[in-house]
Amino acid sequence: MEVNQARLMAELERLSSFSEVPAPAVTRVVFTPTDLQARAYLKSLCEGFTIREDAVGNTFIRWVGAEPDLPAVGTGSHIDAIPNAGRYDGTVGVLGGLEAMRALREGGFKPRRSIELVLFTSEEPTRFGIGCLGSRFLAGSLNASDGDRLKDANQATLNQVRVAAGFAGPLEDVPLKPGYYHAFAELHIEQGPLLDMRGVPLGVVTAIAAPASLRITIEGEGGHAGAVLMPGRHDAFLGAAEISLALEAAAKSSGAIDTVATTGICNVFPGAVNSIPSRVELSVDARDIDIERRDGMLNSLAAACDQVAAARGLRITREVLNADAPAVCSPMVIEALERACGLQKFDRMVSRAYHDSLFISRVAPTAMLFIPCRAGVSHRPDEYSSPEDITRGVEVLAKALSYLAEA
Ligand code: HGY
Ligand code: MN
Ligand code: MN
């Protein structure tokens, strides 16, 4: 079995060209023209496999096995990219999964169980404010009523946007039937520095951190920047600043290095240099591999909001967009991945980033395989994984899929 590195790297290069910003950055938001072009490009590479798309745009590329009624073996990831991201986040798992299937087929392997590559819709929270949208629907963590509840920045609902993009049909049909997958393995760049720092070429993921995201609205009184004296102000931005610093303090004082928190979006209204901010919308991201610590941080954040509201005469509302449990990966899939590593060094590790596998693990035995990314950089245009590391990851994935497909 031989992974065709030149073909794979050329396809990753081509896929990165479907972007709203010039290279080396990639911006590819779900259901935008660049996303639809990227999806069409991927499907053009899938000769000899069957293709199915569900009502929310998850795309299933299946290599039908000798026993097609058996639960399949799944792999896959996402191709949407946050603004000004890199070209390897998610795409290595999609094009790498495809390459693993092609390399096995070209090497003469014939799977007993079908092997299925999944392109998950909207892994990134960019458009609808919640990550892993497609895999949440597959796992039943989102349901049909969310199709009208979830809206983008233009107040268009998920249902309106998905239908306009050509994905009609009832969301009720999206959830995977119990036992749909025998096993699922996702290949992904680490998006952290550990493998690169340690010079270890492969990571086998044993658990995926518990993410939470919230939208916090802070309302004050605004007013003229020159005429309103300091004692009388109710400045929404300064309240927001205190809340962000309180969130950082909660993460740093949790007692564990695994607790992380970020204020990723801060929208200030009215946004004029000579007008006191009357309203600020924050979007915050809070994670830990331990759910108690993660929720302890959320409780500290709630207390800080109450304290800042009282001290500054502000009105503060918190909307929890998601607060998910962590995932523990399947020993069966971990074993297949480690066997596939052969004599190559690998580290067992926790994923601090979330992935579609976080939700697929709720409906199938799941684990992940990491490859290094330079200096751990990700979600930036200078995100980089070497052709050698990518090829090695695809070779290990292909072997693991072949073991699982014969089980
Ligand atoms: O944010 C994450 O963890 C993922 O990269 N979307
Ligand atoms: Mn990402
Ligand atoms: Mn990703």
For this session: Please turn the phi angles of region 303-315 into ³J(HN,Hα) values with the Karplus equation 6.51 cos²θ - 1.76 cosθ + 1.60 (θ = phi - 60°), one per residue in order, whole Hz, x for glycine and proline.
Result: 5, 5, 4, 5, 5, 5, 4, 5, 5, 10, x, 10, 9
Seminar exercise, completed: Here the Kirkwood hydrodynamic radius of region 1-68, Cα-based and in Å, equals 13.8
Exercise. In degrees, nearest 10, range 0 to 90: what is the angle between the Cα axis of helix 33-44 and the longest Cα principal axis of the chain?
Worked result: 10
Problem set entry | Amide H contacts under 5 Å for A183, placed H, 5+ residues apart | G74
Problem set entry | Relative contact order computed over region 210-323 (Cα-Cα under 8 Å; 6+ residues apart), in percent | 44
Exercise. Given springs between every Cα pair under 10 Å in a Gaussian network model of the chain, which of M349, M197, M230 has the largest fluctuation?
Worked result: M230
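Per residue of the chain, what 222 nm ellipticity follows from adding -39500 (n - 2.57) for every DSSP H run with n ≥ 4, rounded to the nearest 500? Present the calculation step by step, with values, prior to reporting the outcome.
Details: 12 runs with 137 residues, N = 407.
The helix-only estimate for the chain comes to -10500 deg cm²/dmol at 222 nm.
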Exercise. Put +1 on the Cβ of each Lys and Arg and -1 on the Cβ of each Asp and Glu in region 210-323; which of S283, A256, P211 then has its Cα farthest toward the positive end of the dipole?
Worked result: S283
Problem set entry | Highest-fluctuation residue, V394, V268, V29 considered, GNM on the chain with Cα pairs under 10 Å | V268
For this session: Extending each Cα 7 Å along its Cβ direction at V228 and S145, get the distance between those two points in nm, one decimal.
Result: 3.8
Problem set entry | Phi to ³J(HN,Hα) by Karplus 6.51 cos²θ - 1.76 cosθ + 1.60 over region 212-217, Hz, x for Gly, Pro | 9, 9, 9, 10, 10, 10
Seminar exercise, completed: When the chain is treated as a Gaussian network with springs between alpha carbons less than 10 Å apart, the largest mean-square fluctuation among V118, V273, V204 is found at V273
Seminar exercise, completed: Most exposed first, judged by fewest Cβ atoms within 10 angstrom, V163, V396, V284 run V163, V284, V396
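What is the fewest-to-most order of S275, S135 by other Cβ atoms lying within 10 Å of their Cβ? Present the calculation step by step, with values, prior to reporting the outcome.
Values: S275 16, S135 32.
Exposure proxy ranking, most exposed first: S275, S135.
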Exercise. Using a simple charge model, +1 on the beta-carbon of Lys and Arg, -1 on the beta-carbon of Asp and Glu, nothing else, what dipole does region 210-323 show about its Cα centre, in debye to the nearest 20?
Worked result: 240
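Return the equivalent ellipsoid semi-axes of region 210-323 as a descending list in whole Å, where each equals the square root of 5 times an eigenvalue of the C-alpha gyration tensor.
On the way: eigenvalues 164, 33, 23 Å².
Taking √(5λ) for each eigenvalue gives 29, 13, 11 Å, largest first.
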Problem set entry | Paramagnetic reach from R339 (point 7 Å along Cα→Cβ, amide N under 14 Å) across region 177-219 | 183
For this session: Could you give the size of the charge dipole of the chain about its Cα centre, using +1 on the Cβ of each K and R and -1 on the Cβ of each D and E, expressed in debye and rounded to the nearest 20?
Result: 120
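Using a Förster distance of 25 angstrom, determine the FRET efficiency expected from the C-beta separation of K110 and L45, and round it to 0.05. Please report the intermediate quantities before stating the final value.
Values: r = 21 Å, r/R0 = 0.83.
For R0 = 25 Å, the calculated efficiency reads 0.75.
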Seminar exercise, completed: With the charge dipole of region 67-203 built from beta-carbon charges (+1 for Lys and Arg, -1 for Asp and Glu) about the Cα centre, the Cα from S141, G74, I130 projecting farthest to the positive end belongs to G74
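On full extension of the chain, what length is gained from M197 through M9, given 0.36 nm per residue of separation minus the C-alpha to C-alpha distance?
Net length gain for the segment: 65.3 nm.
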Problem set entry | Whole-Hz couplings from phi, Karplus 6.51/-1.76/1.60, listed for region 110-115; x for Gly and Pro | 10, x, 6, 8, 4, 10
Problem set entry | Amide H within-cut-off set for S351, under 5 Å, with H built and near neighbours excluded | T206, A207, I208, A209
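How much length would be gained if the chain were fully extended between A256 and V328, taking 0.36 nm per residue of separation minus their Cα-Cα distance, in nm to one decimal? Display every interim value, and only then the final one.
Working: separation 72, 0.36 × 72 = 25.92 nm, distance 1.89 nm.
In short, 24.0 nm is gained.
Can you tell me the convex hull volume per residue for the chain, based on C-alpha atoms, in Å³ to the nearest whole number? List each step's numbers first, then the result.
Working: hull volume 56.7 nm³, N = 407.
Per residue, the Cα convex hull of the chain comes to 139 Å³.
Please give the length that would be gained between V320 and V163 if that part of the chain were fully extended, namely 0.36 nm times their separation in residues minus their C-alpha to C-alpha distance (nm, one decimal). Write out the running numbers ahead of the final one.
On the way: separation 157, 0.36 × 157 = 56.52 nm, distance 2.68 nm.
Here the segment from V320 to V163 would lengthen by 53.8 nm.
Every number here is computed from the coordinates shown, using simple stated rules; none is lab data. Nothing here was measured: the structure is a model prediction, and the numbers come from that model. In this analysis, Cβ positions are derived from the backbone assuming ideal geometry, glycine residues included, and neighbour counts consider all displayed protein chains.
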